[in-house]
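To start, the structure under review is shown below, and the notes come after it.
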Amino acid sequence: MSNDVKDTILSTIEASLDAQLRAVRRLRKGERPEVRQSRKSRLSQVDMAYDVLKKADGPLHITDLLQRIQSAFGVRVDRDSLVSSLAKKISRGDRFVRTQRNTFALRKEGK
């Protein structure tokens, strides 16, 4: 076996053992293991806006929408990014409508 291959294998094993040792030490200290992200934190900004608007059952100004997203999902969403994303969805006729300036609602089904 060449030295390069041997070095690569040993480095990989060393990194694996190091990660295992750190995990054992964290558990001994009583730290909780890392938990996978919940479904809520995996939603896109647009999906979070959709969920919030669905629960609101009416139009919301972007400021209210952002506040509700943060309280419901614990995520701070960039205002300009969300407005841009919603505007693109509106132009495609996808799920959202603009009822007033910076105010959004869900598109009525069947339209």
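The values are calculated or read from the model by the stated rules, or taken from the named source; none is laboratory data. What you are looking at is a predicted structure, and each value in this text was computed from that prediction instead of being measured. Cβ placement follows ideal geometry from the backbone for every residue including glycine, while neighbour counts extend to all protein chains displayed. Quick note on the areas: whole protein, heavy atoms, side chains included, nothing else; ligands and nucleic acids left out. Shrake-Rupley method; radii C 1.70, N 1.55, O 1.52, S 1.80 Å.
Structural remarks
- When the residues SER85, SER71 are ordered by accessible surface, computed with a 1.4 Å probe over the protein chains alone, the sequence from largest down reads SER71, SER85.
- Exposure ranking of ARG42, ARG98 by accessible area [1.4 Å probe, largest first]: ARG42, ARG98
- Remark: segment 52-104 carries a charge dipole of roughly 120 debye about the Cα centre, counting +1 on each Lys and Arg Cβ and -1 on each Asp and Glu Cβ.
- Shown for the chain: lysine pairs separated by 8 or more places, or found on different chains, whose C-alpha atoms are under 27 Å apart, numbering 17.
- Calculated volume of the Cα convex hull per residue in Å³ (choose from [x] 149; [y] 186; [z] 110), label: [y]
- Per-residue HN-Hα couplings for segment 60-76 [Karplus 6.51, -1.76, 1.60; θ = phi - 60°; Hz; x = Gly/Pro]: 9, 5, 4, 4, 5, 4, 5, 5, 5, 4, 5, 6, 6, 10, x, 10, 8
- Label-point separation in nm, GLN100 to LYS55, each point 7 Å along Cα→Cβ: 2.3
- THR12 accessible area, 1.4 Å probe, all protein chains in place, Å² to nearest 10: 90
- Each of GLU14, GLU109 has its accessible area taken with a 1.4 Å probe; listed largest first, they run GLU109, GLU14.
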